[in-house]
1. Restricting to region 54-77, and then to whatever is in contact (Cβ under 8 Å) with a residue 60 or more places away in the chain and of a type in the set (A, V, I, L, M), can you tell me which residue is surrounded by the fewest Cβ atoms within 10 Å (Cβ to Cβ)?
2. From 192, 181, 201, which residue is among the β-branched types (Val, Ile, Thr), modelled with pLDDT of 95 or more and closer than 23 Å to residue 14 by Cα?
3. Does at least one position in region 59-70 carry a residue that is of a type in the set (D, E, K, R) and modelled with pLDDT of 95 or more?
4. From the list 80, 98, which residue is surrounded by fewer than 17 Cβ atoms within 10 Å (Cβ to Cβ), at negative phi and of a type in the set (Asp, Glu)?
5. Which of the strands (runs of 3 or more DSSP E) found entirely inside region 153-219 contain at least 1 residues meeting this: among the basic types (Lys, Arg) and in contact (Cβ under 8 Å) with a residue 60 or more places away in the chain?
6. Please determine whether any residue of region 197-213 is surrounded by fewer than 17 Cβ atoms within 10 Å (Cβ to Cβ) and among the charged types (D, E, K, R).
7. So for region 9-16 (the condition being crowded, with 16+ Cβ neighbours inside 10 Å and in contact with a Pro (Cβ under 9 Å, 6 or more places away or on another chain)), does at least one residue qualify?
8. Among the residues of region 224-265, write down those that are in a strand (DSSP E or B) and either in contact (Cβ under 8 Å) with a residue 12 or more places away in the chain or in contact with a Pro (Cβ under 8 Å, 6 or more places away or on another chain) (or both).
Amino acid sequence: MTSAKRSRPDQCPGVLRPWPADDGLLVRLRLPGGRVAYAALLRLMEIAEEFGDGAVHVTTRTNLQLRALPAAACGRLLPDEVEAALADTGLLPSRAHDVGRNILASPQTGLAGGRADLRPVVAELDRLLLADAELGTLSGRFLHVLDDGRGDVLDRSCDLGLVALDAERGQLRIGEHWGEVVRLPEAPARLVQLAREFLAVRGGGPQAPWHIRELPALLAPPQPADPELPQALAPLQYGPVPGGVHVPVPPMGLRRDHLRFLNASELVVTPWRGVLVPWESR
């Protein structure tokens, strides 16, 4: 069990809680499972060009960021027109859950390989998170990691997670420990229940834990690792891969001339600073 002495609440950025960087305000938009419609990405690019540094940046948690945005008169919030433009992309479905929807999943799930298609699990988990206003108070650093059994995100630390054992079952991850084996359709509700339990025991105030591993006691009894768990897989290579093409994102972010390589109706941001362009949506 890891302890951390906090002196302030989490300040991980969102849209409604920008981070004041040296070049202007930085905002982060959550993408459950890394999935984003091309139309939403294009609109973000237009916003970045009009108000920011002209690029859309990606994170290792498969989220998107805009940088160098202007501040309103108060100095810490976006001007109303910028906030409204970001909301119009559809990537801020709930103001109450601006920072509390961090769901990282195997990028190729449902496209190629893996033991199970976890896209329905991601969608249901996100729906349940959005349906509970209290869960919007989760730290912006609280992370769900869902591995479809191929092992590609198995080595990512998380607060809560799931690893598929086959097409019907998966084993939960709870902080640094393994949880029970559940049927995949039941996993989102169980993960949300555990997130609620975390909020109930973490307390309040600036010293409240951000992560499950920081709790003074286990959230649930640890379970042995299932023998069917996969081995960790190396990061996805760039170039043609099963299910699509993995395109690297330059260090300075995506710019308009990069969009011609991302010609698909839906894209998947990957944990390796890339974008997967699925064959099926081209």
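The values are calculated or read from the model by the stated rules, or taken from the named source; none is laboratory data. In this text the structure is predicted, and so the values were computed from the model without any measurement. Counting neighbours? That spans all protein chains shown, and the Cβs are built from the backbone with ideal geometry, glycine included.
1. 77
2. Of the residues listed, the single one that is among the β-branched types (Val, Ile, Thr), modelled with pLDDT of 95 or more and closer than 23 Å to residue 14 by Cα is 192.
3. Within region 59-70, one or more residues are of a type in the set (D, E, K, R) and modelled with pLDDT of 95 or more.
4. Residue meeting the stated conditions: 80.
5. Those strands (runs of 3 or more DSSP E) do not exist here; none qualify.
6. Within region 197-213, one or more residues are surrounded by fewer than 17 Cβ atoms within 10 Å (Cβ to Cβ) and among the charged types (D, E, K, R).
7. Checked against the condition, which is being crowded, with 16+ Cβ neighbours inside 10 Å and in contact with a Pro (Cβ under 9 Å, 6 or more places away or on another chain), region 9-16 yields no hits at all.
8. Scanning region 224-265 gives 241, 244, 245, 246, 247, 248, 254.
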